[in-house]
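The values are calculated or read from the model by the stated rules, or taken from the named source; none is laboratory data. Keep in mind that this is a model prediction, so the values were computed, not measured. In this analysis, Cβ positions are derived from the backbone assuming ideal geometry, glycine residues included, and neighbour counts consider all displayed protein chains. The accessibility values were calculated without ligands, DNA or RNA, using every heavy atom of the protein model including side chains. Shrake-Rupley method; radii C 1.70, N 1.55, O 1.52, S 1.80 Å.
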Amino acid sequence: MAGRVSDGLNFLRKQSPRRLWNAAGVVSSYYLSRLNGKPGQSGLPLSLSFEPTTSCNLRCPECPSGLRSFTRPTGMLPMDLYKKTIDELQGTLMYLLLYFQGEPYLHPNFPEMVAYASERNIYTATSTNAHFLSNDLARKTVESGLDRLIISIDGTTQETYHSYRVGGKLEKVLEGTRNIIYWKKKLQSSTPHLIFQFLVVKPNEHQIEEVKSLAKELGVDEIRLKTAQIYDYEGGSPLIPDQQKYSRYRRLPNGKWTVKNSMENHCWKMWHSSVITWDGRVVPCCFDKDATHQMGSLQEKSFREIWQSKTYTNFRAAVMKGRSTIEICKNCTEGTKVWG
């Protein structure tokens, strides 16, 4: 609890009057759009996900990076494109997630990316499989000013961990975690706020209490249990957990499975956040993993031009008209609540 409070206070300290004013405009325009049925948007995104790379060292069964199933190219985010966008949005951006697909620590300039945003007082976060958190890179991570580090740990034994994180080694995850904790203490840093993220699937759901104990033993700040997205869920999947509270899906009387989400025709994500691929394509949200709905390219336009474009406005309107008709929305259990 103390770690969460400290993390929350750290986030609030980084906000400026300009960012808060922008946030007020975004929230009010979202609720106004729900009242009048028109996709009006005021302000710039509060949150942004930037993809350092699509490359990954693992082969997780429900991940396009792991399956090597992208139709879009694999590559590394150019620093000049990244810096140009951060410079444009630094006055209004409240939260920067340096992650979309792939393993961010495979980018050779990852600590520099974090530092560039941290120097502009932007709250920064990333998600990693922790296989590359060597002693040196752990030190650079703490020194970079990274505010939140999410480490995926989907098992407390190698056998269980490897059943989903195919090609991974649990001991590397634990070693990377220890390295981060060591350098936080060594440099007397309260950041990054360290989170163990446990993706609950049927093969590992029996280890939920064990991972909580492991996190406490190591000195991890927080443990989060996350539900898994399954691509072909209609006929069921060996990954869907027995404990229904950890599943995004429910079984119908006819034996088929469906998403628990009620699929309401609005989406907070379309107003407050956006995602940028490594090569500068702007896509509406993290469910568009293959960038099938491109709002524009930062290679050609500024972010503001794309955010306020007719293409983006039309996509927001389509969401308000019928989310169930949009492919990336059909398997979505997020986005309908403010701050959710």
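Fully extending the segment from N109 to E305 would add 67.8 nm, taking 0.36 nm per residue of separation and subtracting the current Cα-Cα distance.
Across the range 63-164 the C-alpha pair distances fall into 5 Å bins from zero in the proportions 2, 11, 20, 22, 18, 14, 8, 3, 1, 0 percent. For the Cα trace of the chain, dividing Rg by the Kirkwood Rh returns an Rg/Rh value of 0.95.
Average accessible surface for the range 1-159: 41 Å² per residue, computed with a 1.4 Å probe over protein heavy atoms with every protein chain in place.
Applying 0.36 nm per residue to the separation of E209 and N254 and subtracting their alpha-carbon distance, the gain on full extension is 12.9 nm.
Its Cα gyration tensor gives the range 168-261 an equivalent ellipsoid; the semi-axes, largest first and in whole Å, are 34, 12, 11. Ignoring ligands, DNA and RNA, what percent of the 1.4 Å accessible area of the chain is carbon and sulfur? With neighbouring chains kept in place, the figure for the chain is 52 percent. Take the Cα of N57, step 7 Å toward its Cβ, do the same at M263, and the gap between the two points is 4.0 nm. Summarising the label geometry, the points placed 7 Å from Cα in the beta-carbon direction at K186 and L20 lie 3.8 nm from one another. With K and R counted +1 and D and E -1, the other residues having a Cβ less than 11 Å from that of K186 yield a net charge of +2. Volume per residue for the range 218-269 equals 141 cubic angstrom (convex hull of Cα atoms). Within the chain, antiparallel bridges make up roughly 25 percent of the DSSP beta bridges whose residues both belong there. Each stretch of four or more DSSP H residues adds -39500 (n - 2.57); spread over every residue of the chain, this sum gives -10500 deg cm²/dmol at 222 nm. In this Cβ point-charge picture (+1 for Lys and Arg, -1 for Asp and Glu), the chain has a dipole of about 880 debye about its Cα centre.
Can I get the semi-axes of the range 165-210's equivalent ellipsoid? Compute them from the C-alpha gyration tensor as square roots of 5 times the eigenvalues, in angstrom, largest first. Walk me through the intermediate numbers first.
Values: eigenvalues 135, 34, 13 Å².
Taking √(5λ) for each Cα gyration eigenvalue gives 26, 13, 8 Å.
Dimensions of the range 1-106 from C-alpha coordinates, computed as largest minus smallest value along each principal axis and given longest first, are 41, 40, 33 Å.
Here the range 201-340 has an Rg and Dmax of 18.2, 52 Å, counting Cα atoms alone. Kirkwood hydrodynamic radius computed over the range 105-170 comes to 12.9 Å, based on all pairs of distinct alpha carbons. Mean separation of Cα pairs under 8 Å and 6 or more residues apart, divided by the residue count, gives the range 41-158 a relative contact order of 27 percent. Taking a quarter of the surface of the Cα convex hull of the range 103-225 gives a mean projected area of 7.0 nm². Note on E175 and K38: with the Förster distance fixed at 35 Å, the Cβ-Cβ geometry gives a FRET efficiency of about 0.10.
Counting other Cβ atoms within 10 Å of each Cβ, which trypsin sites (Lys or Arg not before Pro) in the range 168-266 have at most 16 and sit in a DSSP loop? Write out the running numbers ahead of the final one.
Numbers: sites: K169, K172, R178, K184, K185, K186, K212, K216, R224, K226, K245, R248, R250, R251, K256, K260; in loops: K169, R248, K256, K260.
When the trypsin sites (Lys or Arg not before Pro) of the range 168-266 are filtered for loop state and at most 16 Cβ neighbours within 10 Å, K169, K256, K260 remain.
Taking each residue as 0.36 nm, the span from D87 to E222 lengthens on full extension beyond its C-alpha to C-alpha distance by 45.5 nm.
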